[in-house]
1. Does residue 229 satisfy the condition of being more than 22 Å from the chain's Cα centre (by Cα), within 28 Å of residue 7 (Cα to Cα), touching a residue at least 60 places away in the same chain (Cβ under 8 Å) and crowded, with 18+ Cβ neighbours inside 10 Å?
2. Within the stretch 135-144, track down each residue that is surrounded by 14 or more Cβ atoms within 10 Å (Cβ to Cβ) and within 16 Å of residue 124 (Cβ to Cβ).
3. So in the stretch 138-155, with the set limited to residues that are assigned to a helix (DSSP H, G or I) and in contact (Cβ under 8 Å) with a residue 24 or more places away in the chain, which one is farthest from the chain's Cα centre (by Cα)?
4. Checking residue 83 against (1) within 29 Å of residue 6 (Cβ to Cβ); (2) touching a helix residue (DSSP H, G or I) at 6+ places or on another chain (Cβ under 7 Å), which test does it fail?
5. Would you be able to tell me the number of residues in the stretch 24-41 that are surrounded by fewer than 14 Cβ atoms within 10 Å (Cβ to Cβ) and at pLDDT 90 or above?
6. Which residues, taken from the stretch 3-23, are surrounded by 11 or more Cβ atoms within 10 Å (Cβ to Cβ) and either at pLDDT below 85 or not in a helix (DSSP H, G or I) (or both)?
């Protein structure tokens, strides 16, 4: 939604400003320039990808017009799920949650929080971590394991953002290519009257304009949106990691989820009373 609003503002600003200056719209319509710029940009973009990175980019396209779903309620539900797991560990011993982490789809705890349980990546992140602790009984390396997992997920999420941003950065150069070709064609008409030469030079300059506009007004914001999406997801996993780490270190369930609450970004962070009420209500 925000991306669409931003693109509309960019297009409206350019259009209104150009119209206020009594610009001639017909001169901006240069299909040959557009083909050169977008074709070269997309060709270079595809040429720089691997099968793996291209697959990530395709999967990430849905993120352009959506948000990660961060909200106070979503964080509260996540903390409540973790609290339920930690409470069971605290009351019945660590081995009691083996069935929950081995088969979360049939776990009464996970099924109680469907909005969180449907996120299979998160469920696996929690389950794999607790499974290692169940197997070894050693909390020493759990923090490091979660850090490795989070770093991998974050770097993977950044790959599409970097790819789109790199393509955006190439477009002003492609615009110059189109402009130079337009000037070359114009030089072949050097004997034409000034008004004809002016028209052709203006058409050539549209290439530079279009390359810069698509870089900073279209694909650049797309790359930034994907980067922000990955960063917001990283905040979410960081909060989960802090809570799980505290529980494995031996903190009480309430203190463990308090660690998680303190790691939540301020716009989404519930206060302690709100969290306590959610934990009591389940």
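The values are calculated or read from the model by the stated rules, or taken from the named source; none is laboratory data. Every value quoted in this text rests on a predicted model; they were computed, and no experiment measured them. Using ideal geometry, Cβ is built from the backbone for each residue, glycine included, and neighbour counts are taken over all protein chains shown.
1. Numbers: more than 22 Å from the chain's Cα centre (by Cα): no; within 28 Å of residue 7 (Cα to Cα): yes; touching a residue at least 60 places away in the same chain (Cβ under 8 Å): yes; crowded, with 18+ Cβ neighbours inside 10 Å: yes.
Here the answer is no, as residue 229 does not meet what is asked.
2. Filtering the stretch 135-144 down to residues surrounded by 14 or more Cβ atoms within 10 Å (Cβ to Cβ) leaves 139, 142-143.
Residue satisfying the conditions is 142 alone.
3. From the stretch 138-155, those assigned to a helix (DSSP H, G or I) are 142-155; that's our starting set.
Narrowing the set further to residues that are in contact (Cβ under 8 Å) with a residue 24 or more places away in the chain leaves 142-143, 146-147, 149-150, 153-154.
Working: 142: 26, 143: 24, 146: 20, 147: 19, 149: 17, 150: 14, 153: 11, 154: 9 Å.
Ranking the qualifying residues of the stretch 138-155, first place goes to 142.
4. (1)
5. 2
6. Answer for the stretch 3-23, where residues must be surrounded by 11 or more Cβ atoms within 10 Å (Cβ to Cβ) and either at pLDDT below 85 or not in a helix (DSSP H, G or I) (or both): 18, 23.
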